[in-house]
Amino acid sequence: FVAAALVVSAMSNPRTTAAADPSASAAARSAAPSARAGDGDKDHGGGKGFRGGVAFGTITIASINGTKIGLKTADGWIRTIDVGGDTKVFVGKAAGQVSDLSVGDEIRLRQKRNADGSFSVVSLTVPAARAGGEVTAVNDNTITIKRRDGSTTILTVNGSTVFRQGGAAATKADVKVGSVIAAEGKPGSSDAFTATTIRISLSRVGGEVTAKTANSITVKQRDGSSVVIHINADTRFLVRGTKGAKATLADVAVGNRLIATGVRRADGSLDAMAVGAGKAKPQTTTKPVAPAPSATNG
């Protein structure tokens with residue numbers, strides 16, 4: 001199999017078909033570069049060229065007529081392929097069908113080289129849409145995020161959208177303004193698509209332990225604010241000085257420095273999944289330097 005960003009079926013190219021036909025003339029065979037690795041087909045693709053039946057560049061669907069799919073690249077290359085028969089269609093990683101394709105979709109193709117030197121399309125994939133960033137709004141059916149570049153993406157969510165957080169199942173209720181999420185979904189524009197999966201990043205809290213109860217730890221953060229960290233039976237502990245032993249809440253002491261990861265509650269407190277703690281490093285002081293001995297006597 002040959003995978004590429006843009007793969008064309010040599011059977012759809014009359015020149016390549018002629019090259020694979022034993023009765024074709026020598027002149028026709030020499031004019032079929034896509035059937036021989038190392039040659040470039042300069043008649044299509046605005047000079048991009050082909051190698052081993054592959055055209056390099058981004059390809060989009062220009063037309064759909066039954067199983068006949070018209071393809072094009074930005075520089076004017078055009079070709080039609082047939083995705084009937086054994087050709088598999090995927091939308092992201094999920095199996096799909098021709099009816100899932102739309103004009104304008106960006107696609108990737110996989111092909112195989114046949115015994116006669118021609119190429120057959122094995123699979124057509126529409127890459128899943130992806131976006132990640134900080135949540136700025138949560139509505140009934142949409143979640144709005146701000147991406148790193150400052151642009152905005154609106155995610156449509158429905159009953160089929162899967163939510164995950166920290167390796168565990170989650171729900172839309174776990175997505176809050178300020179959450180950092182990564183979404184994958186059905187193909188769409190860069191500023192809007194339907195999300196099939198949303199992964200919510202865990203929150204992190206760090207500071208000095210100021211209080212502790214049987215099921216909580218209070219820490220003072222760098223900005224002076226306090227946060228309550230809730231502990232449960234599933235919380236994992238890693239405390240400096242307990243190497244070789246399983247650390248517990250009892251090993252965390254007031255005055256320790258602590259970092260906890262988990263899920264934020266609406267009141268700002270944290271349900272901790274993991275806690276790391278240790279004694280705060282002592283402040284270093286500079287010892288006064290004794291004056292150098294005098295060079296003179298008496």
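Data overview
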{"read-out": "Boolean, Arg113 is in contact (Cβ under 8 Å) with a residue 24 or more places away in the chain and not β-branched (Val, Ile, Thr)", "value": "yes"}
{"read-out": "Pair list, Cβ < 6 Å and 6+ apart or interchain, from region 83-107 residues that are touching a residue at least 24 places away in the same chain (Cβ under 8 Å) to residues that are acidic (Asp, Glu)", "value": "Val91/Asp100"}
{"read-out": "Gly159 modelled with pLDDT under 90 and either crowded, with 19+ Cβ neighbours inside 10 Å or more than 30 Å from Ile81 (Cα to Cα) (or both)", "value": "no"}
{"read-out": "Residue tally, condition part of a loop (DSSP other than H, G, I, E, B), modelled with pLDDT of 60 or more and open to solvent by 30 Å² or more (accessible area, probe 1.4 Å), over region 252-286", "value": "8"}
{"read-out": "Per-region count, region 220-238, residues farther than 16 Å from Met273 by Cβ and either of a type in the set (Gly, Ala, Ser) or open to solvent by less than 40 Å² (accessible area, probe 1.4 Å) (or both)", "value": "3"}
{"read-out": "Close pairs from region 127-144: first closer than 26 Å to Arg108 by Cα, partner open to solvent by less than 20 Å² (accessible area, probe 1.4 Å) and among the polar types (S, T, N, Q), Cβ under 6 Å, at least 6 apart", "value": "Ala131/Thr153"}
{"read-out": "Qualifying residue in region 88-109 (condition: more than 19 Å from Lys186 (Cβ to Cβ) and at pLDDT 85 or above)", "value": "no"}
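The values are calculated or read from the model by the stated rules, or taken from the named source; none is laboratory data. All figures in this text were calculated on a predicted structure; none of them were measured in a lab. FYI the Cβ positions are ideal-geometry reconstructions off the backbone, even for glycines, and counts take in every protein chain you see. The accessibility values were calculated without ligands, DNA or RNA, using every heavy atom of the protein model including side chains. Shrake-Rupley method; radii C 1.70, N 1.55, O 1.52, S 1.80 Å.
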